[in-house]
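See below for the structure under consideration.
The values are calculated or read from the model by the stated rules, or taken from the named source; none is laboratory data. In this text, all values refer to a predicted model and were calculated from it rather than measured experimentally. In this analysis, Cβ positions are derived from the backbone assuming ideal geometry, glycine residues included, and neighbour counts consider all displayed protein chains. Side chains included, ligands, DNA and RNA excluded: accessible areas come from the protein's heavy atoms. Shrake-Rupley method; radii C 1.70, N 1.55, O 1.52, S 1.80 Å.
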Amino acid sequence: MKSRGDGTARPATAGGGGRRATQADVAKHAGVSPAIVSAVVNRRQYGNIRISERTRQRVLESVRTLGYSPNIAARNLAGGTNRLLGVFSWQRLFPLLKEDFFYEFLVGIEEAAEEAGYNLLMLCAAKDETGARSLYPTGANGLQLADGGLLLGWDERYDQIRRLQEEHYPFVFVGERHIEGVEASWVGANYLDTTAGIVDRLAGLGHRRIGLLVQAGTANEAVAGRRAGFQLGVSRNPTVESHTAAFGSPASNDVPTTVTDAAQALRWVRDRRLTAVVVESSAVAVALRTAAETAGLSAPEDFSLVGLSGTPEVPGVEHLTELSIPRRDMGREAVRLILQRLTGATGPVTVTLPCTIRDAGTVGPPPQNS
């Protein structure tokens, strides 16, 4: 042992200086092979040879003397497990605030990981030379210390996802993903049936002219599911006449009508005498409701209003009937799926969880004079 300036002892480093001791150093100090050191520190058998208690204690004494600590990456490469799950988000600021859309996903991940006895490795500063979040910030997989990875957030890099698959690294998306050439595992939300159910409910209340206000420029899996769900609901309610407009620009061939702000959206509603409006972005739905109140109208007295984005953290959404995403349950289920992958499941594993409707009183029967 060497002495500190205060007179207390500290472990010696291998060969002096600041280099960390290795298993080879411990083996030399204890007079055994590195394989026996590995077996002792990892608490495994050394083939068919029984390691005596005297040898084990000699190895442990050398470990203490040299201040050796096992290398977690080397242990993983040796075929063990770190009981460590990686969490990576492409969002520039990691979602750690309650007001963030991804916060509840992370709460579910943490709960399920703790129950399973796993720690979490969160990649918060993994950026490439351009400053963008990256799974390969230095050319190597940033999640490699973890047994498997959970991926969440938008703007994912498809080339990096394909590389994860080529490396046979187990990962699960929190959110439905369909990427060409990738057999992705994911846990998603059932937007299709929930949105179709919203149309069913409106039709059942007597609404015959229902509008869908979509967000221009968005087309991910969640959006596609909501739009398909609206069309499914319309198709099974033949008395419903549907109208669609895009909020923002430019309009597309599929949605030729564009409204640029909430006041124009309200004119679109009134010109078409819509009695119910389903809005893809709940924030836009809040703006539409504010514009209606400014014009002396209200929901549901003059028209019913439903938001689809599942964002209760957006100001004003608490007063809006809205689709609710099972975010915490999705996080928990993602942990279950990655553990399933780690214990031998082959091929992609996918799960879709049901959404619900949070009713804030902005849905009712159509006005008497409609």
(message) Relative contact order for segment 94-204: what percent, with Cα pairs under 8 Å and sequence separation of 6 or more?
(response) 13
(message) If I take every Cα pair under 8 Å that is 6 or more residues apart in segment 154-233, average their sequence separation and divide by the length, what percent do I get for the relative contact order?
(response) 31
(request) Select from Leu342, Ala292, Gly364 the residue farthest towards the positive end of the dipole of segment 275-364; place +1 on Cβ of Lys and Arg, -1 on Cβ of Asp and Glu, and compute about the Cα centre. (result) Leu342
(request) Tell me the label-point distance for the pair Asp261, Arg162, using the 7 Å Cα-to-Cβ offset, in nm and rounded to one decimal. (result) 4.4
(request) Give the ranking of Leu337, Leu297 by solvent-accessible surface, highest area first, calculated with a 1.4 Å probe. (result) Leu297, Leu337
(request) Mind checking the per residue accessible area of segment 222-370 for me, 1.4 Å probe, whole number of Å²? (result) 46
(request) Would you work out the relative contact order for segment 197-350, in percent, from Cα pairs under 8 angstrom that are 6 or more residues apart? (result) 20
(message) Can you list residues from other chains, or at least 5 along the same chain, whose modelled amide H is less than 5 Å from the amide H of Met122?
(response) Val87
(request) Can you pull the one-decimal nm distance between simple spin-label points at Glu293 and Arg50, each 7 Å off the Cα toward Cβ? (result) 7.9
(request) Determine the sum of side-chain charges near Thr239: Lys and Arg each +1, Asp and Glu each -1, restricted to other residues whose C-beta is under 11 angstrom from that of Thr239. (result) +2
(request) Taking the Cα centre of segment 123-173 as origin, sum charge times position over the Cβ atoms of Lys and Arg (+1) and Asp and Glu (-1), and report the length of that vector in debye to the nearest 20. (result) 60
(request) Within segment 317-332, which residues have the backbone N less than 19 Å from the label spot 7 Å out from Glu301 along Cα→beta-carbon, could you tell me? (result) 319-321
(request) Give the residue from Pro256, Asn237, Val223 lying farthest towards the positive end of the charge dipole for segment 196-303; charges sit on Cβ (+1 for Lys and Arg, -1 for Asp and Glu) and the dipole is referred to the Cα centre. (result) Asn237
(message) What does the charge count around Leu120 come to, taking other residues whose C-beta lies under 12 Å from its C-beta (Lys +1, Arg +1, Asp -1, Glu -1)?
(response) -3
(request) Find the centroid of the Cα atoms in segment 229-299 and in segment 105-182, then give the distance between the two in whole Å. (result) 37
(message) Under a crude label model (7 Å from the Cα following the beta-carbon direction), how far is Asp271 from Thr65 in nanometres?
(response) 8.8
(request) Using the charge dipole of segment 114-246 (Lys, Arg: +1 at Cβ; Asp, Glu: -1 at Cβ; taken about the Cα centre), state which of Ile198, Leu150, Leu164 has its Cα farthest towards the positive end. (result) Ile198
(request) Provide the packing ranking of 262-273, 184-195, i.e. peptides ordered by the mean count of other C-beta atoms within 10 Å per residue, highest first. (result) 184-195, 262-273
(request) Once you have the Cα-Cα distance between Glu318 and Thr130, take 0.36 nm times their residue separation minus that, and quote the gain in nm to one decimal. (result) 63.9 nm
